[in-house]
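Have a look at the structure below, then the notes.
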Amino acid sequence: MFNHAIGNPLKYNPQLWSSDELRQIFVARQHELDDIMQRIHDANNGQTVQHALITGARGMGKSTLLNRIALAVQDDAALAQHWLPLRMPEEQYTVAKLNELWLNILGVLADYLEQQQQDAKAEQLDQAVAALKPLNAEQQADAARDLLLTWCQQQHKRLLLLVDGTDMLFNSLNSGKADSQLWSLRKTLMQHTELFWVGASYQALESQQHYHEAFHDFFEILELRPLSLQDMRNALLALAETFGTAQQAPGLAARQAMQATLDAQPERLKTLRQISGGNPRTTVILFELFAQGNQADIHADLKVLLDNLTPQYKARMESHLAEQPRKIMAHIMEHWQPVGLGELADISGIASTTLSGQLKRLEQDGYIEKTKLSGSRSAGYQASERLFNIWHLMRNAPRRVRQKLSWLIEFIRLWYSTQELGNLVNQRVYAHRSGQLQRDSDLEISLAYASALPDDSRERYQLEHSVFVTARQQAARQRQAINDILPGLLELDGCDQHYQTAEDYEQRFFALDELLAACPHPQTQAEREHWQHLVKESVWRNLAEKQRIAANSATLSLSEYHELVALFEREVSELNKQWGTENTEVMLKAVRDCQFFPDCPNPELLIVRFCIYFKINPY
């Protein structure tokens, strides 16, 4: 079996992918890659080409596309002869002035030359850069720009500037002051065909007032939209071939195994898109769980993945959203289900008129999406990336176990088909009954699986009851109450009260044995057991009546004893006629073992016990 480790950071960071891995994995943005490459070819052939800006929400593949463009230029013999693809660092925090930008580009150029084993040229360039240090910032900016352009002309090379975070870079260059530096940069890019800027930005530059004028209509915008189902299928196949699956090492066999899985469960692909929101980065991360198949420990593996996503998601909430939109986003995610404008105004305390504008901006930025409200023609709002919402629920869980695990419950509902979930629940029921699942965390996870099923599901009743029985056994061993040793697991004063009712009933029911054993008339062990079974199995008498018979058992006369035995035996005979001997034996054993209460004091408990023991769904 191939060791497919959850949480391998290699898959999350395109910067760590080798050239061969990038070529193999990159299948989802081929149209955009072809578009950019055609522009570079046009520029190479002497045409005037507009500089390009790739926009899209975080995780949409902007960085990966820039990396793939650089590789494609290197792979193209005609372009590689004239163009040097310079992949600028994503976070250029040291750049606040134009001279620092030009110096950074010169530094990246020198690094590129070294990577191409052109050490002499790199050293010569470094020396020329060092000579610029005595100059002031303005002089240095002009000199560094001229050095870059002169080098290009002398070497007969053109530079493809691949600049991630272009919006942040321009904001730093502007620094809230006069935008002369931005105008100067624009002028250089317009007048010198040696430079071709392909940037990436979270949003179009026109949305930022600071540099609206300097770069208004300057870039041709290529917006990266969420992946289609076909894009996601292609991506999963490529990832399987590159990284392997739980059963297969990387290669064609892993690709074929993934293809077989997708063909056998086409609905799983739709689920994956719903969870990821068509976000490529999230798709890569969820590939981990997909590749694990049924071997996945969904709770542990999902926690690892969400922990790995925490820095990204925290930044999305805390750094990229202002206070009011962050508050709105939190309310939407805590609601989980789509929420309408009116309800959102009520729970947030923000006026509807203000909300409308904020919701529009959140939708434009890819945080939320409109969707139909259940049972209504009106539209509601929900987080567009459901995994982001699940992460938020995990990070903001209350004490009660079912609420605390709401993130896991919602993921399970999305991730598994009804049949898959039913099979997993049945496995956990068996594991509980056989003593394999005893830890506190096992009980919590089982409750999450049970809660993910519909309220009227037999499997749900079975698993919830198994959790209760396991918890009760643990409490009995420690001679404490369930809520004392497992606080918050079961709401015995709320939705799980019927289980507390069951525990009280069972204690009284099993106390009958000692009282019935005091009857002096049965002469053999078999007769004593027969007497006890007849009383306890009676389906026409409630527990209070059985308790009265048992309490008087020691003082019964012989005739009274025989009269009761005959009465109970006639009842069994009637049941045999109505139900058949086999069915009657099953039911009487269920009553005798206290698995089914004919006089159940709680209607909900009656349904639960009926479903569990007789393995049918009454709805």
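The values are calculated or read from the model by the stated rules, or taken from the named source; none is laboratory data. In this text the structure is predicted, and so the values were computed from the model without any measurement. Note that we place each Cβ from the backbone using ideal geometry, even for glycine, and neighbour counts take in every protein chain shown. Side chains are part of the model used for accessible areas, which takes the heavy atoms of the whole protein and leaves out ligands, DNA and RNA. Shrake-Rupley method; radii C 1.70, N 1.55, O 1.52, S 1.80 Å.
Here is how the numbers come out for the structure above:
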| read-out | value |
| --- | --- |
| Long pairs among 62/97; 62/314; 187/360; 133/157, criterion Cα-Cα beyond 27 Å | 187/360 |
| Label point distance in nm, residue 135-residue 542, each placed 7 Å from Cα along Cα→Cβ | 9.8 nm |
| Amide proton proximity set for residue 222, modelled H, under 5 Å, gap of 5+ | 53, 54, 55 |
| Solvent-accessible area per residue for the range 407-489 (1.4 angstrom probe, square angstrom) | 43 Å² |
| FRET E, pair residue 171, residue 252, Förster distance 51 Å, beta-carbon r, rounded to 0.05 | 0.65 |
| Segment residue 35-residue 75, extension gain: residue separation times 0.36 nm, minus the distance between their alpha carbons | 12.8 nm |
| More than 17 Å apart - percent of Cα-Cα pairs taken over the range 69-156 | 52 percent |
| Nearest-0.05 FRET efficiency for residue 523 and residue 456, computed from C-beta distance (R0 60 Å) | 0.75 |
| Computed lengthening from residue 260 to residue 360, 0.36 nm per intervening residue step minus Cα-Cα distance | 31.9 nm |
| The range 374-470: trypsin sites (Lys or Arg not before Pro) in DSSP coil with no more than 10 other Cβ atoms inside 10 Å | 377, 399, 439 |
| Simple spin-label estimate for residue 469 and residue 42 in nanometres, 7 Å along Cα-Cβ | 7.1 nm |
| Segment residue 476-residue 50, extension gain: residue separation times 0.36 nm, minus the distance between their alpha carbons | 145.8 nm |
| Sulfur and carbon atoms: percent of accessible area, the range 47-189 [1.4 Å] | 47 percent |
| The range 222-325, accessible surface, carbon-and-sulfur percent (1.4 angstrom probe) | 46 percent |
| Where labels lie 7 Å past Cα in the beta-carbon direction, separation of residue 213 and residue 589 in nm | 8.9 nm |
| Computed FRET value (nearest 0.05) for residue 301 with residue 341, which takes r as the C-beta separation and R₀ as 45 Å | 0.75 |
| P(r) of the range 407-489 over all Cα-Cα pairs, binned every 5 Å from zero, in whole percent | 3, 16, 27, 23, 17, 9, 4, 1, 0 |
